[in-house]
1. So what's the projected area for the stretch 1-122, the Cα convex hull averaged over all directions, in nm²?
2. Take the Cβ-Cβ distance between Met80 and Asp172 as r, set R0 to 45 Å, and report the resulting FRET efficiency rounded to the nearest 0.05.
3. Which cross-chain or sequence-distant (5 or more) residues have an amide H under 5 Å from the amide H of Val9, H modelled 1.01 Å from N in plane?
4. With a Förster radius of 22 Å, plug the Cβ-Cβ distance of Ser36 and Ala67 into 1/(1 + (r/R0)^6) and report the FRET value to the nearest 0.05.
5. Working out 0.36 nm times the residue gap between Leu29 and Leu214, then minus their Cα-Cα distance, what length gain in nm do you get to one decimal?
6. Cross-link candidates for Lys162: which aspartates and glutamates have Cα within less than 18 Å, leaving aside residues fewer than 8 places away along the same chain?
7. When N counts the residues of the stretch 1-48, how does its alpha-carbon radius of gyration compare numerically with 2.2 N^0.38 Å, as a ratio?
8. Got the relative contact order for the chain handy, in percent, Cα pairs under 8 Å and 6 or more residues apart?
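What follows draws every value from the coordinates through simple rules; no lab data is involved. All values reported here derive from a predicted model rather than from experimental measurement. So basically every Cβ, Gly included, is an ideal-geometry build from the backbone, and we count neighbours across all protein chains shown.
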Amino acid sequence: MIKQADEVVIATDPDREGEVIGREVLDELIWRGPVSRLLLSALDPASIRKGLAAIRPGRETESLYYAGLGRARADWLVGMNLTRAWTIVGRKPGARGVLSVGRVQTPTLNLVVQRDLAIENFVARDYYVVEASCSSASSGGAGEEYRQFRATWIPDSEQLEKFCDSEGRCLDFGCAEAVASALSGATGRVASSERKPGRESPPLPFSLSKLQQLASGRW
């Protein structure tokens, strides 16, 4: 059938793995004719018609083939070779079984280990937050209404460097106390303000256990 074709349209999955499968088949068949690409997001009639109306030249998706090919070769070079190497090395100190190494697996495992070590070595430290209860009025006229709000101190760059941790939390009680003393009874000016409309998501439906708890408490 391939010998009778004037053009081949690759219609495999619209990702790098699908691209690799389609082009490897063409390489196996030694196809040297024109190649186009059909990208389908779904297999319902409307999606298929939409895809057929927008068939793309094969050169536009050729990069997906090389990306998939690179992934496959990296899995071979890193995964297969290093798994064999580390398994052999691990047998010397007495490790049993296979010591698996993977292009994605090993970095992911490292993230888990680093997080576990951080939790294991965590040392609780006190930090200090300075909050002020403020009131404001838009004018100085009689009968004006004062608005109450709370403000939180944000350390400046010098304070961040000297007294705060990497997350911007103040660790020095003296610094926090000095800021609180300086703000006590002080007046200030609101330099700018911004209002944004917000949306609050509705609460999730009851789970069966929560519904039973509520019902048993009422009836």
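1. The directionally averaged projection comes out at 12.8 nm².
2. The value I calculate is 0.25.
3. Hits under the 5 Å cutoff: Ser36.
4. According to the calculation, E is roughly 0.70.
5. Extending this stretch completely gives an extra 59.9 nm.
6. Once the sequence-local aspartates and glutamates are set aside, what remains near Lys162 is Asp126, Asp172, Glu177.
7. Taking N as the residue count of the stretch 1-48, the ratio is 1.22.
8. 11 percent.
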